[in-house]
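The values are calculated or read from the model by the stated rules, or taken from the named source; none is laboratory data. Because the structure is a prediction, the values reported are computed rather than measured. Cβ placement follows ideal geometry from the backbone for every residue including glycine, while neighbour counts extend to all protein chains displayed. All accessible areas refer to the heavy atoms of the entire protein, side chains included, with ligands and DNA or RNA removed. Shrake-Rupley method; radii C 1.70, N 1.55, O 1.52, S 1.80 Å.
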Amino acid sequence: MTTTLFKTQVNLGGLMEVLSKNLYSTPTVAIRELVQNAHDSCVRRRIESQDDFEPMINIITDQTKGTLVIEDNGAGLTHDEIINYLATVGSGYTRFLRDQQANDDEMMIGYFGLGFLSAYVVSKRLEVWTTSYQEPENGWHFTSNKAERYSLEDAPPQPTGMRVVLHLSESFLDLADAFVIEHLLTRYCSLLPVPIYLNSHWDEPVNHQPPPWRLDKATVSPIILKKQCLEFAKRFENSFEPLCTIPIAPTKDSNAMGLLWVQDASTYGTSDHRNITVFVRNMLVSPDERHLLPVWAGFVGGVIESDDLTPTASREDVQKDGTYEKIQSQINEALIEGLANIARKELSTWRRLLKRHNEGLLGAALCDDRLFKVLANDLKVPTSEGDLTVPAIFERSHHHKIYVSIGEEGSYEEVIFRALMTPIVSGIRYAALPFCQRYTELFGGKVIKLGTQSGNAIVFKREKISDADQQKLQSLLAQTGQKVIPSRFQPSHLPMVLIPDRDYQLKQRVEADEVDRRIGAAVLTLARDYTKKLQSEISAYFYVNLDSPLIQRLLSATGETQQQIANLLRSFTLMMGRHHDDKLGIDLSEALATFSETILQLIEDKKV
Amino acid sequence: MDIWKWVLETQKDLTHQGHHRLVHLMRMLPHYTVNEEHVQVDALVPEALALARSIKNPWLEVFLRHWYLQSRVAHRHDVTDMLPEAVSLLEFAHRDETRDCPQSICAVQDLTNCYEQADGPAYVEERLAVANETLAKIDATWPCFLCISVEYATALVDGKRYEEALAFLKQQAHALLLANQHEDRLNMRDSWIEALIRLQRYEEAYDLHKQASNLGRSKSARLKKAIDKARIMAYLGSYEEAKPALPDFATIAPTPRHYFHWAEAAKLLAEAAVIPNDCYLNAKFQLMSDKFSHNGVVRAAFTLVLWQADLALKRGRPKTATRCCERAEALIPRLRKPLDAPQLLAEMRAKITTALTNLPTITTAWEHPHHVIEALGDDPETNLDILEEARKRWPEHENMALFTATAYDEIGEHQHGIELLRQYLESYPNSPDVVLKYGLLLFNEEQHEPLQEFVFAMLKRDLDKEVHLNCHRLLTTLYDKNGDFELAKPHLLSLLEQEPDDTESRTWLAELERKTGHLEKALQHLDGLVEQHEETGNYDWERMIVATLLKDWDKVRHSADRLGFENIPTEGPIEQNRGLCRIQFREANGESMTYYAIRTGPVTAQILEMASPSSPQHYDDTVVFEPISVTELDEAVAQDDEELIYTSIQITEAGGYTSYILDGVHPGEEALQQLKDALAIFGCSCQVQSGERYQLQRDDDSEPMLGLYAYIAVPETQSLQEVADLLATMTQDYAHPLIWQGIVEKLGDNEEQERQLRIEEEYGL
């Protein structure tokens, strides 16, 4: 037996360790790399030799010894190949072979030497026994404690193939646990065509279940397929149960295939639980390529495979190139079409999906009109009368109107509509207002934003009255800078409302002298450049309800009675409006005082 | 103070206080903004603001409002709508409670940004003053040092003080070096590259572009870099590299921030004949300048329009260029100061004048307008030249006007098309087709008020009947869209007065009458339509619905017969078994539920399937349904071997049942049948919901047993106590008990309730 001591072909001490530790984000990638090497060996043997053999990979865990063994019956390595490929970082026969091959069925995955490097990350010692198909009479035993030095000795010939033994380092003893390895293999290797057996007493390969998109649809019943899709999804979805699945079929622009699923967990609005696992050449490259999914799909997970994607050096990520963008749009289309299909065909699933992801779908619908049309009548928006769909709002508010409050709760307009039992959409809630707006743009109806000028014009319908009456109302109810607007609105027992003018308020605030002390002169000039153009001279508007019996009485009354009604109306309105602002001429304490004095007067009058 | 440090600390505090949602929104707002996901920004901002206000955190409000302005102004260039908000935020961010918030400086920047967008060159001095004022308060260790420096440099570039801008940027880079932040200088790339390009130092610009190529991974940064690469390469004459670098127009169309430089690059490429200089490029320029003009980004709109004119001239379309000049001229008064705009416009006009004199004359030897229409080809701009020439000869020709307006529409000049029709109608108001087209254009542009004004004015004039009819059509369309059905009806009636045989209007009116609950009126119109038409149509279906609702069975029969329904009884109400179907109900909260039913007539069904006790009950309801099935609309689904689904219009007779749950171990088919028969005596029905997979196990380790989960529908008039007693009697000898908790709960029988609860626990029901 001759033993020779060699040095690896990278003559840079320590580089190995640095490289191996930094190249991969998680040490468990080592398992992927070694299984991949084993797979490539099998493929190589099939290409190069005339041997009739059934390729297989065995993984053996031994917790007591702390070892993990990966063995294959592939091509094996000769003495020179060990030196050239196994011990030379970045070089690999696989790469050479892959460049040569044209046959897709015989797909090679890895970069042999680079993949082997990952084994050093998790092991304190590494052993390889191998016999090449080219020299079945020779066997070799390779040992290395650290990546920098290794020993190579001849050994009794073994059956053709390779056996890699990892003596796991302290921190990675978990990798000798069969359950951990099974979990990793079912994710990393589930697309590999070569059967992988875990500890030989397990009778079926861990990758016996092909991905659903590779099943022959003609021979599998739709129910079985549906079940298998859900099981497959469950394997890849970390946090949630899958609720339903959506296939991704190849298109003319992209050959990617795969499966998406909707997560069975409640999301709210912008929750983002997207995840996509990407396989390239049968190997899991990235477990979280979430950006392949549209930004609105926070409740969707998926797996895709595409051999057109280019893995990065660590092969834990893919390059964001033109192919990537094509797949992005392919997934977007598949998802929209898939959701539409569920809406039409799987009614109970659809109902569950809506219940789970209503808010997320509100945002999603806004991003794509086709999706909007599928979801438009089924999604609910929050309203003062509970969560309702738009058709239900239309029905309750009469005449296809959607009233939306956009300010703080308890505004005047809101009080009115609450009294009328008309639902008001809570515009401050996620996506509610844009959803209603888009709905009416596409299907008719009108959104009325309460508290805005245009909204007020619709709610408080202006009406012309005689100049004398206008004058009377103005002098009785308004103070300087305030304006009375005769109008009609529901409910008729609400006599009037007060609405401050926002432009006026802004102008006052920006043009006040004390602001000079707070804001820099240069920028204040710019701000005032705007406010000086504002024509607002009215501080607040009183919308006076001509349908109100009180207002009618006010107009017909005379003398002291008229003044008393006016005083009561004014103070009542100010109190209801809850505004207190000196600059608007609204003094709440004065209003309260007037209110109580007038009531007292009326009681006194009655006594008399 | 470091803004991002403050943001992170705030997020930590808020998380600690349990405001997770607010923290999430705080994170997402900048993320969506820089990734050009502005739909999402609009969706979340109101909620985030309401949450910040509810916990009375004004600093946070400044943060959120600033980022909203970033999205609306810096990215979407929406100056007109957002200037008031920028002014308001500036004031808010400088109150006692907010002035120490590190983000307050950003509010200054937001306002300056508005003016930079509106008319950057005209506000150079003000912008420099504002930037100086801020720079005086901070040093190179502040993150806003970079932003404000860029602002200062951009103002210099806008003032064409390029060398000064470069010198300033170098000085700021030096300050960063001293503050040990030298790498950050690349964050000033935008104004730096701009200054170099304006000085035609393209090689240096490209070097800087490359140096900063790793900077910024957001979608916005990626688009900006791609566009910069395209225009620098184009300036360097490397068109083959420039062309693939330029993003598709569709990619940048939603975000005006990228318009200007995209247009600059596209113009260079079109001039070099690397991309086609055609009417479609014209349409893109038009879209961008219209958007700028609408958003109050006036100077950029002006420049874009002149570029558009220049491109038009270069492809031999001086008339298109002339129209551009008209639009440019209208923009000048909206600029804060004209500066060189009038001169640039005059130069362009001079070029156009020369081009017009050299323009080959168009053959005008047409004998008849239809020769003109025949002469039209595929290129809308060529067509426009022909049509405008022909219109001089036949200005009154209605179709010619319509064709011309359409051609303007095709090259992106929508407003010009609308204006042309408006002018045409001033001279030739008796043109019904133009009235309709003009009205629909206004309708599609959502110009509802001008549309109403126009239509009412036309109705007041003494014009041809056809014109008035189209006016009524337009108003009906408008009111119907807005849901003002009562307002729409009189216009349809006016139409029908003039044209009693107008099928479309009568069908429409019948539909509105039905929607507003006037069934008799609806039926009258539908009767008229059926009488009028020998062939069947939608009106027959509509008539069957309305007549069924009114129980006018002879009319249902009549239309059913016309439509080819077979085996309809010849007299009396129609109550048959026409097979299974499914009926979809929209419940009060808007949710839709579907149940199996027997179709009892052409548009009626009776519900067979019970709903769970938690849903509204429809068992035994009789309904009138919309006879177009939900699934018929979709061929892919129609192939499925499933019963058709129809939407319920109205419940004509309620079944009057309430459902309850019966749960426990399956007593065997025979016993179950006996139980069902006994329940039937009280008018109750029982429907089993469970299958073989419902297996039960007592809490010991016994064998699993088949379970029974069923609904019992009890008539509302039936005594519930009697049903409970019956269930107790019938099930008392079962090997394992059944429970009916809903019934017991409603009866308030506490003792029984406890007994059933124990059974529930024991069997794990």
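What does the charge count near residue B:367 come to, summing +1 for each Lys or Arg and -1 for each Asp or Glu among other residues with Cβ under 15 Å from its Cβ?
It works out to a net charge of -1.
Hey, any idea what Rg/Rh is for region B:716-765, computing Rh the Kirkwood way over Cα pairs?
Using only Cα positions, Rg/Rh for region B:716-765 is 0.97.
Taking amide H positions as placed in the peptide plane 1.01 Å from N, state which residues far from residue B:709 in sequence (5 or more) or on other chains have amide H under 5 Å from it.
B:689, B:690
Shape call for region A:153-198 from the C-alpha gyration tensor, a ≥ b ≥ c root eigenvalues: rounded (a/c under 1.5), prolate (a/b greater than b/c) or oblate? If you can, show how the numbers build up before the last one.
Working: a/c = 3.26, a/b = 1.26, b/c = 2.58.
Oblate shape, in that a/c is at least 1.5 and b/c is the bigger or equal ratio.
Return the distance in nm (one decimal) between the two label points of a simple spin-label model at residue B:426 and residue A:182, each offset 7 Å from Cα along Cα→Cβ.
Result: 8.5 nm between the two label points.
Just the number: Rg to Rh for region A:478-608, Cα atoms, Kirkwood Rh, two decimals. Each step should come with its number before you reach the end.
Numbers: Rg = 18.6 Å, Rh = 16.8 Å.
Expressed as Rg/Rh, it is 1.11.
How much of the DSSP beta bridge set in chain A is antiparallel, as a percent to the nearest 5?
75
Quote the convex hull volume per residue of region B:423-483, based on C-alpha atoms, as a whole number of Å³.
So the per-residue hull volume is 71 Å³.
With a probe of 1.4 Å, find how much accessible area the protein assembly as shown has per residue, and write the answer as a whole number in Å².
It amounts to 45 Å² per residue over the protein assembly as shown.
Averaging over every viewing direction, what projected area does the convex hull of the Cα atoms of region B:123-168 cover, in nm²?
Average projection, Cα convex hull of region B:123-168: 2.9 nm².
Principal axes first, then extents: for the Cα atoms of region A:286-349, list largest minus smallest coordinate on each axis, whole Å, largest first.
45, 20, 19
Calculate how large, on average over all directions, the projected area of the Cα convex hull of region B:1-119 is; give the answer in nm² to one decimal.
6.9
With a 1.4 Å probe and all protein chains left in place, how much of the accessible area of chain A comes from carbon and sulfur atoms, in whole percent?
That fraction is 50 percent.
Could you tell me the largest-minus-smallest coordinate of the C-alpha atoms of region A:212-347 on each of the three principal axes, in descending order and whole angstroms?
Projected onto the principal axes, the Cα atoms of region A:212-347 cover 44, 40, 26 Å.
With label points built 7 Å along Cα→Cβ from the Cα atoms of residue B:368 and residue B:486, find their separation and express it in nm.
Reported label-point gap for residue B:368 and residue B:486 is 5.3 nm.
Only bridges whose two residues both fall in chain B count here: according to DSSP, what percent of them are antiparallel, nearest 5?
90
I want the local charge near residue B:709. Using Cβ-Cβ distances under 14 Å, sum +1 for each Lys or Arg and -1 for each Asp or Glu among the other residues.
-2
Does region B:407-456 come out rounded, prolate or oblate by the C-alpha gyration tensor, with a ≥ b ≥ c the root eigenvalues, rounded set by a/c under 1.5 and, if not, prolate when a/b is larger than b/c and oblate if not?
Cα axes put region B:407-456 in the oblate bin.
With each label point set 7 Å from Cα along the Cα-Cβ vector, what nm distance links residue A:351 and residue A:226?
The modelled label-to-label distance comes out at 1.5 nm.
Please report Rg over Rh for region B:657-763, where both radii come from the alpha carbon positions and Rh follows the Kirkwood definition. Write down the numbers at each step before the final one.
Working: Rg = 13.4 Å, Rh = 14.1 Å.
Result: Rg/Rh = 0.95.
Cα centroids of region B:6-34 and region A:470-492: how far apart, whole angstrom?
45
Could you compute Rg(Cα) / (2.2 N^0.38 Å) for region A:512-584, with N its residue count? Write out the running numbers ahead of the final one.
On the way: Rg = 19.5 Å, N = 73, 2.2 N^0.38 = 11.2 Å.
Normalised Cα radius of gyration, region A:512-584: 1.74.
Could you pull out every residue, at least 5 positions away or on a different chain, whose amide H is within less than 5 Å of the one on residue A:56? Hs are placed 1.01 Å off N in the peptide plane, and Pro or chain starts have none.
A:73
Could you tell me the extents of region A:128-276's C-alpha atoms along the three principal axes, largest first, rounded to whole Å?
If we take the Cα atoms of region A:128-276, the spans are 61, 40, 37 Å.
For region A:265-309, list log₁₀ I(q)/I(0) at each q in 0.18, 0.19, 0.21, 0.25 Å⁻¹, using the Debye formula over Cα point scatterers of equal strength and ignoring solvent, two decimals each.
-0.52, -0.56, -0.65, -0.81
Suppose R0 equals 30 Å; then what is the FRET efficiency for residue A:503 and residue B:440 from their Cβ-Cβ distance, rounded to the nearest 0.05?
Efficiency, rounded to the nearest 0.05: 0.30.
Over the Cα atoms of the protein assembly as shown, compute the convex hull volume and normalise it per residue, giving Å³.
In the protein assembly as shown, the Cα convex hull volume per residue is 274 Å³.
Average the reciprocal distances over every distinct pair of alpha-carbons in chain B, invert the result, and give the Kirkwood radius in Å.
33.4 Å is the Kirkwood radius here.
Can you pull out the trypsin sites (Lys or Arg not before Pro) in region B:418-496 whose DSSP state is coil and whose Cβ has at most 15 other Cβ atoms within 10 Å?
Those that pass, being in a loop and sparsely packed, are B:461.
Average projected area of the Cα convex hull of region A:376-457, in nm²?
So the mean shadow area of the Cα hull is 4.8 nm².
Semi-axes, largest first, in whole Å: what does sqrt of 5 times each Cα gyration tensor eigenvalue give for region A:423-487?
On the way: eigenvalues 244, 38, 10 Å².
Semi-axis lengths for region A:423-487 are 35, 14, 7 Å.
Please say if region B:50-135 is rounded, prolate or oblate, where rounded means a/c under 1.5 for a ≥ b ≥ c the square roots of the C-alpha gyration tensor eigenvalues, and otherwise the choice is prolate for a/b larger than b/c and oblate otherwise?
Values: a/c = 2.71, a/b = 1.49, b/c = 1.81.
Verdict is oblate for region B:50-135.
Note the per residue figure in Å³ for the convex hull of the C-alpha positions in chain A.
Working: hull volume 153.0 nm³, N = 608.
With only Cα atoms used, chain A gives 252 Å³ per residue.
Taking the Cα centre of each part, how many Å lie between region B:353-426 and region A:415-466?
43
Please average, across the residues of B:483-491, the number of beta carbons from any other chain that are within 10 Å of each residue's own beta carbon, and give a whole number.
Shielding by partners across B:483-491 averages 2.
At a cut-off of 50 Å², which residues of region A:530-551 become less accessible once all protein chains are present than in their chain alone, using a 1.4 Å probe?
Flagged in region A:530-551: A:530.
So, counting K/R as plus one and D/E as minus one, what does the shell of residues with Cβ under 15 Å around residue B:199 add up to?
-1
Toward the positive end of the charge dipole of region B:398-479, about the Cα centre and with charges on Cβ (Lys, Arg +1; Asp, Glu -1), which of B:455, B:406, B:434 goes farthest?
B:455
Quick one: divide the alpha-carbon radius of gyration of region B:367-428 by 2.2 N^0.38 Å and tell me what you get.
1.03
Once neighbouring chains are kept in place and the probe is 1.4 Å, which whole percent of the accessible area of chain B is contributed by carbon and sulfur?
Details: 17160 of 35130 Å².
On chain B, the fraction of accessible area on carbon and sulfur atoms equals 49 percent.
Rg and Dmax of region A:414-563, using alpha carbons, in Å: what are they?
My reading of the Cα-based Rg and Dmax gives 19.6, 56 Å.
How big is D for region B:276-359, in µm² s⁻¹ as a whole number, if Stokes-Einstein is applied with the Kirkwood radius of its Cα pairs at 10 °C and 1.306 mPa s? Don't skip to the answer; put the middle values down first.
Working: Rh = 12.7 Å.
It diffuses with D of about 125 µm²/s by this estimate.
Please list, ordered by chain and number, the residues whose modelled amide H lies under 5 Å from the amide H of residue B:619; skip anything fewer than 5 residues away on the same chain.
Here B:611 satisfy the definition.
For the pairing of chain A with chain B, what total accessible surface becomes buried, with a 1.4 angstrom probe, in square angstrom to the nearest 100? Can you show the working numbers first?
Working: alone 29510 and 37350 Å², together 62390 Å².
Adding both sides of the contact gives about 4500 Å².
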